[in-house]
């Protein structure tokens, strides 16, 4: 796929996403406020009950900052989670027209996902700026230009990694009548073991060590912890290496599923 075609598809999807601006912003603000309120009340109760000033290496202000960053990172990593889903194309027979396009289906879908991320990027910058003004920089003392640059690299890796994981599950639709449960399982597992539900510092040492070799940590915890300066450059490089290895593995898996699935595809939908 050419860069020009990729940008055209992404631009069209971004404009489509912003067609209903009021609804878009209401849902975005309300969703962020609800997630943050749950985190605030939960951790406020935990600190009050324990009587401790630091839990798993976090002060109350630091854990709030971590969740703000993790929530925004989650939106950029997950995107719309395939609003125009490949599984729906397979079920409805809509995949037919994509097979006739002079561009790979994988690239077209990723371009659509990238276009949907542009509004989410605007949200992340806006919400992050508002938080900085409210918090006055408290809890972000270790953020530097280097940590910011490293976090961008981790975020790009996380986005393609999650895309591949979800894409592989969507392609199971070539054989299964419903892949929704698989996607729900992915969302839960990635949120739990990726550091979106709870900081990974709360995990037992053995589980945290094992989790460092799984793809989930690279999704949310790695970009968030990198930005906040909570990991060393060596730990960042290790996380990037693990994430990159999983990208290569999943690329092969996706190719195999796609080729075999095409042999099953009838083109008439269900």
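Based on C-alpha pairs under 8 angstrom that are at least 6 apart in sequence, the stretch 127-270 has a relative contact order of 37 percent. Please determine, in degrees from 0 to 90 and to the nearest 10, the orientation of helix 60-78 with respect to the longest principal axis defined by the Cα atoms of the chain, where the helix direction is its Cα long axis. That helix lies at roughly 10 degrees to the long axis.
Sort the stretch 188-270 into rounded, prolate or oblate with this rule: let a ≥ b ≥ c be the square roots of the eigenvalues of the Cα gyration tensor; rounded if a/c is under 1.5, and if a/c is not under 1.5, prolate when a/b is larger than b/c, oblate otherwise. Because a/c hits 1.5 or more and a/b exceeds b/c, the stretch 188-270 counts as prolate. For the chain, the relative contact order comes to 27 percent (Cα pairs under 8 Å, sequence separation of at least 6).
Here the Gaussian network model covers the chain, with springs between Cα atoms less than 10 Å apart; of 71, 152, 54, 54 fluctuates the most. Using only Cα atoms, tell me the angle between helix 180-193 and the longest principal axis of the chain; keep it within 0 to 90° and round to the nearest 10. Once rounded, one gets 30 degrees. Each residue in 214, 219, 117 was given a count of other beta-carbon atoms within 10 angstrom of its own, and listing them fewest first yields 214, 117, 219.
Projecting label points 7 angstrom from Cα along Cα→Cβ for residue 103 and residue 54 puts them 5.1 nm apart. Residues considered: 210, 221, 151. Largest GNM mean-square fluctuation over the chain, using C-alpha springs under 10 Å, is found at 210. This ranking places 53, 13 by how few other beta-carbon atoms lie within 10 Å of each, fewest first, which gives 53, 13. Across the alpha-carbon set of the stretch 40-140, the Rg to Rh ratio works out to 1.21, Rh being the Kirkwood radius. Of 157, 202, 228, the residue with the greatest mean-square motion in the GNM of the chain, using alpha carbon springs below 10 Å, is 202. Sorting 47, 193, 220 from the fewest to the most surrounding beta carbons within 10 angstrom yields 47, 193, 220. When the alpha carbon coordinates of the stretch 3-264 are projected onto the principal axes, the ranges are 61, 44, 34 Å, largest first.
Values in this text are rule-based calculations from the coordinates and carry no lab data. None of the values given here were measured: they were computed from a predicted structure. Neighbour counts are summed over all protein chains in view; Cβ atoms, including those assigned to glycine, are modelled from backbone coordinates with ideal geometry.
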